[in-house]
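Novice: Input: one structure, supplied below.
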């Protein structure tokens, strides 16, 4: 099996466990604090790791992928969305960044509604 896939599997185990631990620790019925904390810390972690791996740390591609796609990717996918959007902004693609956000969030809301409706819940 490919080393990157093994690293992602191991990282996914860790990231998914971290996410569930935070969900349990911060669960609130009034506001989704756990998800907010996970999304914000995940964004920080992915940005931090992406910078360090590309500029300072000499890691194998498998370890780098295990940390980013594996751990952070299973911890949150919001972090990838924000990092990619930030990269569009840094490359002076304001229009693409706005379109990406609008389509991601608007499309996500539509997909959630469709999923609930197709699953039998009418929101």
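The values are calculated or read from the model by the stated rules, or taken from the named source; none is laboratory data. Keep in mind it's a predicted model, so treat the numbers as computed, not measured. Neighbour counts are summed over all protein chains in view; Cβ atoms, including those assigned to glycine, are modelled from backbone coordinates with ideal geometry.
Novice: Quick check: is even one residue across segment 54-62 modelled with pLDDT under 90 and assigned to a helix (DSSP H, G or I)?
Specialist: Looking for residues that are modelled with pLDDT under 90 and assigned to a helix (DSSP H, G or I), one finds at least one in segment 54-62, hence yes.
Novice: Which residue, of 66, 15, 70, is farther than 23 Å from residue 104 by Cβ, touching a residue at least 12 places away in the same chain (Cβ under 8 Å), under 17 Å from the mean Cα position of the chain (by Cα) and surrounded by 17 or more Cβ atoms within 10 Å (Cβ to Cβ)? Break it down into steps so the answer makes sense when it comes.
Specialist: Numbers: 15 fails: farther than 23 Å from residue 104 by Cβ; 70 fails: farther than 23 Å from residue 104 by Cβ.
When all the criteria are applied, what remains is 66.
Novice: Take residue 47 and decide whether it is outside any loop (DSSP other than H, G, I, E, B), in contact (Cβ under 8 Å) with a residue 24 or more places away in the chain, surrounded by fewer than 17 Cβ atoms within 10 Å (Cβ to Cβ) and within 17 Å of the chain's Cα centre (by Cα). Can you show your working first?
Specialist: Working: outside any loop (DSSP other than H, G, I, E, B): yes; in contact (Cβ under 8 Å) with a residue 24 or more places away in the chain: yes; surrounded by fewer than 17 Cβ atoms within 10 Å (Cβ to Cβ): yes; within 17 Å of the chain's Cα centre (by Cα): yes.
Judged against the criteria, residue 47 is a match.
Novice: How many residues are over 12 Å from residue 74 (Cβ atoms), more than 14 Å from the chain's Cα centre (by Cα) and free of Cβ contacts under 8 Å to residues at least 12 places away in the same chain when one looks only at segment 18-44?
Specialist: Matching residues across segment 18-44 total 11.
Novice: Could you list all residues from segment 20-35 that are exposed (fewer than 13 other Cβ atoms within 10 Å of the Cβ) and touching a helix residue (DSSP H, G or I) at 6+ places or on another chain (Cβ under 9 Å)?
Specialist: 24, 25, 27, 28
Residues checked against (1) touching a residue at least 40 places away in the same chain (Cβ under 8 Å); (2) touching a helix residue (DSSP H, G or I) at 6+ places or on another chain (Cβ under 8 Å); (3) part of a helix (DSSP H, G or I); (4) loosely packed, with under 14 Cβ neighbours inside 10 Å:
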{"site": "74", "(1), (2), (3), (4)": "yes, yes, yes, no"}
{"site": "80", "(1), (2), (3), (4)": "no, yes, yes, no"}
{"site": "92", "(1), (2), (3), (4)": "no, no, no, yes"}
{"site": "95", "(1), (2), (3), (4)": "no, no, yes, yes"}
{"site": "104", "(1), (2), (3), (4)": "no, yes, yes, no"}
{"site": "113", "(1), (2), (3), (4)": "no, no, yes, yes"}
{"site": "117", "(1), (2), (3), (4)": "no, no, yes, yes"}
